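Only the coordinates and a few stated rules stand behind these numbers; no lab work does. As the structure is a computational prediction, the values presented were derived from the model and not from experiment. Neighbour counts are summed over all protein chains in view; Cβ atoms, including those assigned to glycine, are modelled from backbone coordinates with ideal geometry.
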Amino acid sequence: MKRLAAIFLFLATLLYAGPSQPIRIQQPTAQVSQDPQSVTVYVTRTGKKYHRDGCRYLRQSRIPMSLKDAKANGYTPCSVCRPPV
């Protein structure tokens, strides 16, 4: 019984201790206007959206393309990674 109480006390301490460091929430950065010809975005083989490098939707395929070409080919920006418009 003492062993069970010790385990319960240990788990309760972990639950109520709280985070050791404050949680930081990253604020969205302001998008800077750049030359659409020099900005590289990524598209997939089957999708109709263009993405930033590192977007979770680029796991299967990622084809680099200029922002200008992506817009000209009818791609629209991803609402998850929010690439330049």
Inset, instruction - Subtracting the Cα-Cα distance from 0.36 nm times the residue separation, let me have the gained length for Thr46 to Asn73 in nm, one decimal. - result: 8.4 nm
Legend entry - Fewest-first sequence of Arg82, Arg45 by Cβ atoms within 10 Å of each Cβ: Arg45, Arg82
Legend entry - Eligible lysines near Lys71 by straight Cα distance, threshold 28 Å, same-chain separation 8 or greater: Lys48, Lys49
Inset, instruction - Quick one: which residues, 5 or more positions from Thr76 or on another chain, have an amide H under 5 Å from its amide H? H modelled 1.01 Å from N in the peptide plane, none for Pro or chain starts. - result: Lys49, Tyr50
